Amino acid sequence: MTTVITAILILFCLAVVFGVILGYASVRFRVEGNPIVDQIDSLLPQTQCGQCGYPGCRPYAEAIANGEAINKCPPGGQSTIEALADLLDVEAVPLDAEHGEEQVKKVAFIREDECIGCTKCIQACPVDAILGAAKQMHTVIVDECTGCDLCVEPCPVDCIDMIPVETTITNWKWPSPTESSSLIATDRGRGAEQQEAH
Amino acid sequence: MGKVFAFHGGVHPPENKKQSTRTPIAHAPLPKMLYIPLQQHIGIAANPVVNVGDRVLKGQLIAEPVGRISASLHAPTSGIVRSIGPHPVPHASGLESDCITLETDGQDEWIEHQGLQDYTRLEPSVLIEHIRQCGIAGMGGAGFPTDVKLHLGDDHIVNTLIINAAECEPYITADDMLMRERAADILSGIRIISHLLRPSHIMIGIEDNKPQAIHALEAVLKGCELNIDIRVVPTKYPSGGERQLIQLLTGLEVPSGRIPADIGIVCQNVGTATAIHRAVHFGEPLISRIVTVTGDAVAKPQNFEALIGTPFADLLEAANLYEGRLFRLVMGGPMMGVTIAHDQIPVIKTTNCIIAASDEEMPQAPPEQPCIRCNMCEQVCPVTLLPQQLYWFSKGREFDKARNHNLFDCIECGACAYVCPSSIPLVQYYRFAKSEIRTEEAEQRKADHARQRFEARQARLEREQAEKEARRKARAEEAARAQQSRKSTEADKAQADPCNTAPAASAAPDLKQLKTAAAVARTKLKKARDALKNAEDKGLDGIDALRVTLTDLEQKSEEAEQAFKAAEQAEAAAAAEKGVDLKQLKIDAAMARAAVTKLERALTKTEDEQARREMETELVEARKKSDALNQSLSEHSPA
Amino acid sequence: MTEFLLILISTVLVNNFVLVQFLGLCPFMGVSNKLETAMGMSLATTFVLTLSSVCSYLVYSTLLVPFELEYLQTIAFILVIAVVVQFTEMVVHKTSPLLYKLLGIFLPLITTNCAVLGVALLNIKKQNGFLESIAYGFGAAVGFSMALVLFSAIRERIAVADVPVPFRGAAIGMVTAGLMSLAFMGFAGLVQF
């Protein structure tokens, strides 16, 4: 009988000691906030467009840290999804079409003949990329425009166009080499024949 | 001949240089149209200084440099500027870019120009500025503005000047012929560069497949006072790469991410040296260069001295191109050159070769096959990279790892792709990876910048909100205080004169209410009148009821008006007793006057009798009020 | 001195805990997709293994043996390991939140890592002294880390290679682990421990 009691007592004492140690550690090593949100936010494109369903990039970053899907950002595109997948060690899923398609980069352009100087677009722009004042001409600063699209709606005379950014020799990208290496050379012709047969 | 070191790797493709060295350099015939791209150099594109329709002379400045790293452009011959706009340019993308199109007039008339008298007496910065004004850029292939390179002596200690005469790529013989025929010019250029950079040692690196060029250089260097050596290096591709040549001649490796000047070495091409000579001694800007036209599809492969802006087609014609045999047109050499789609592309400052290849000479690339991990690519890489790993990472889009494996040190020489048994286009993968990384970095910078602007904007909005709140609070406090003080003075007054102030105190808050009530009554009356009129016109029912309502409303309106006026007068009296504010009085008087004028004007406009009568009564009232206020004003205003 | 060297060589190479004794395979397969997570995990496991090896020995020798409660060793050791892992978790969460997120569930799962309990129990079986326990635990951890890092490096390369479809993912991982194990078994007989 005494051995049982001794055993229980020993284990109890051990547990108490360990409990004290852990209690101290939990206070000493307390973590404030959620630093992972900053890391996620730094990967998002910062267009603050709201296409993901959240009012800005930071709220979406917080949502992702809480488990939200990473494929809701069309301006970021597939490359952002892959970067997020890399960071969080989750699977890189394709972009959720419900939130928009990945499109060519665009910038806003105000047709100055039609602008009435109402400042509604200035108030809408999340990065202050529109220059102007009440009753004065409004114009888009191209270098600052992120192409988020938020200025088009508020304009009462519908004078804002989204123009795709032109590819010039300065911003041209090398294309990926065509990959046909998954087939061995002797099989190469066969796939095409089979497809033609269908 | 001094000691020659070695670099890792390298390949020995068939040289194919003999075809184009049989005849001396020929002058290309004057083309009809010249297309001069504004971007032929590293840095910002030049800015045109001529307009469409202008006539320009040979050597005249047509575009000026923008910023420090930029180069100017000059008219290669006399003619008329036909347009300034997009035109196909020598670029791998095949896209168009802005060019100045010049229609030549055949006269080849030079602008006034002369060389510098004694350049050794000039300030180095003045001499370099002259070179900049002549539009000299690196002619070995990169096109770096030469004046920027010559300024390196300002903040770096340069102890070795290396003249790149290697020309390691097959087919190209432009530098070879230049050295054979114009070695003296090259030496003169070297002298000028040496004067500016003051190196303690000068070396000319040349491959051993150019014996005549070596001979010509030796002859010219006899008795030269400079400490200048000709170092003959074994023929190997790519010994002409700047870093490879430095390693060959000095055994030193330029650290990754740094320039040769950081280890005290500056490298210049022989073509650039010649251009410097012509600029300094003759005042001639860079308007022409030697271009090798070769390949099986031309009957007379040779070197041409071609004007900048000459379309390839003209040179090919001068070399007797046989269209039937032409399979592939390459700009540059077979290792680093780019296949181009059509021949209207112009010669620019960095074009050294055009290959018109037949299909036996440069057949279609065999299909890419899987990597067998043989590691031949690693054995030939001159930069000692791991091309196989770079390939796997580029293919798998793992760009971080590719960058960590020194992807950006790759000089894209093509030696790895040359030896790959699976015919994998390795350099395409690296170029793709590099441009993806660059784009990602640019987007990241843009995103960070956008985030900063967004956060600044949020901060600004919050600040404005806070200020507005503060102001509103201040105003509320102010109003409360004013109310408080007014109540206290009225309280004093109330003790002195209870009967007069009581109605005033009670009248003050009620005044506004009375005014509103009067206005409401008036509106109701007007509406009822309109309704009655409408009913009478249309002969509707309930006219009697309406009439009753109307009289009722008239009465109510009268009452409200009376009450309001009484209160107003009381208020005015109270205000007069209190010692009224002069400014306020003035304002009130002015407003009363304006009201009178408005009513008078309205009166002249209305037709309706009823309305006129109303207005007249109003007008009388308004005039009375105005007079009262004016009198009060004159009483209170300083004499 | 030689004894500690022998212990180290034995635990790292000859009787490698993962590849020869086949303990601790869960994190070995689960965390080895990326090199960064593998290195983080190996550091965490090293810390846990060494500390729990020492603590287990102390608990055994000072509490269980004097009171003749040797039969409680499993429970006591699990308690010790759980506490150490919890402590490690808190430290990792504080110092590297990213690593904490990356390791995810595998960090608390070190508690159930049979290599950790195995080291504690084997210390008893081999009747190691205090210093030898430290060496044994540390050596086991180094062996585990080495195997994990090597494996993750290979897995990263395999991830971009042309693996036949039926083998992709865990299958080729298992095959690779088997081949690594074969290689390490070549060390057998080097040290008799």
Problem set entry | Helix-derived mean residue ellipticity, 222 nm - over the protein assembly as shown, DSSP H n ≥ 4, -39500 (n - 2.57), to 500 | -16500 deg cm²/dmol
Seminar exercise, completed: Sorted largest first, the C-alpha extents of chain C along its principal axes in whole angstrom are 60, 42, 28
For this session: Mind jotting down the distance between the C-alpha centroids of the range B:339-356 and the range B:473-492, whole Å?
Result: 86
For this session: Calculate how large, on average over all directions, the projected area of the Cα convex hull of the range C:31-145 is; give the answer in nm² to one decimal.
Result: 6.7
Exercise. Size of the dipole of chain C about the Cα centre, Lys and Arg at +1 and Asp and Glu at -1 on the beta carbon, nothing else charged, in debye to 20?
Worked result: 400
Exercise. What stretch of chain B, leaving out the sites themselves, is the longest with no chymotrypsin sites (Phe, Trp or Tyr not before Pro) in a DSSP loop having at most 15 other Cβ atoms within 10 Å?
Worked result: B:323-639
Exercise. Looking only at Cα atoms, what is the convex hull volume of the range C:86-170 per residue, in Å³?
Worked result: 140
Problem set entry | Mean separation of Cα contacts under 8 Å (6+ apart) over length of chain B, as relative contact order % | 13
Exercise. Using +1 on the beta carbon of Lys and Arg, -1 on that of Asp and Glu, and nothing else charged, what's the dipole of chain A about the Cα centre, debye to 20?
Worked result: 780
Exercise. Per residue of A:4-16, what is the mean number of Cβ atoms on other protein chains within 10 angstrom of that residue's Cβ?
Worked result: 3
Problem set entry | Dipole of the protein assembly as shown [Lys/Arg +1, Asp/Glu -1 at C-beta], most positive-end residue of C:Leu72, B:Asn16, A:Leu44 | C:Leu72
Exercise. In Å and whole numbers, how far do the C-alpha atoms of chain B stretch along each principal axis, longest first?
Worked result: 125, 63, 62
Problem set entry | Spatial separation of Cα centroids for the range C:25-92 and the range A:48-76, in angstrom | 39
Seminar exercise, completed: Per-residue average of other protein chain Cβ atoms inside 10 Å, peptide C:64-72 -> 3
Seminar exercise, completed: When the charge dipole of the range C:31-145 is computed with +1 on Lys and Arg Cβ and -1 on Asp and Glu Cβ about the Cα centre, the Cα farthest towards its positive end, among C:Val48, C:Leu103, C:Gly118, belongs to C:Leu103
Exercise. The range B:62-138 to the range B:248-271: how many Å between their Cα centroids?
Worked result: 28
For this session: Can you spot the lysines whose alpha carbon is less than 22 Å from C:Lys101's alpha carbon? Ignore those fewer than 8 places along the same chain.
Result: A:Lys72, B:Lys401, C:Lys34
Seminar exercise, completed: Among B:Gly264, B:Ser422, B:Ser632, the residue whose Cα sits farthest towards the positive end of the charge dipole of chain B (+1 at Cβ of Lys and Arg, -1 at Cβ of Asp and Glu, taken about the Cα centre) is B:Ser632
Exercise. Listing B:Ile128, A:Ile160 from the residue with the fewest other Cβ atoms within 10 Å to the one with the most, what is the order?
Worked result: B:Ile128, A:Ile160
For this session: For the protein assembly as shown, restrict the atom set to alpha-carbon positions and state the Rg and Dmax in Å.
Result: 44.3, 130
Exercise. Across all directions of projection, what mean area in square nanometres is found for the Cα convex hull of the range B:43-113?
Worked result: 5.3
Problem set entry | Taking all pairs of distinct alpha-carbon atoms in the range B:1-87, Kirkwood radius in angstrom | 16.9
Exercise. Using the count of nearby Cβ atoms within 10 Å as a rough guide to exposure, how do C:Ser152, B:Ser632 rank from fewest to most?
Worked result: B:Ser632, C:Ser152
Exercise. Size of the dipole of the protein assembly as shown about the Cα centre, Lys and Arg at +1 and Asp and Glu at -1 on the beta carbon, nothing else charged, in debye to 20?
Worked result: 1660
Problem set entry | Nearby lysines by direct alpha-carbon distance to B:Lys349 (threshold 18 angstrom, same-chain neighbours under 8 apart not counted) | B:Lys58, B:Lys149
Problem set entry | Chain lengthening between A:Asp143 and A:Thr168 when straightened (0.36 nm per residue, less Cα-Cα) | 7.4 nm
Problem set entry | Per-selection Kirkwood Rh - the range B:376-438 (Cα, Å, 1 d.p.) | 11.2
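Each value in this text was obtained by applying a stated rule to the coordinates, not by laboratory testing. Computed from a predicted structure; not experimentally measured. Cβ atoms come from the backbone with ideal geometry, glycine included; neighbour counts cover every protein chain shown.
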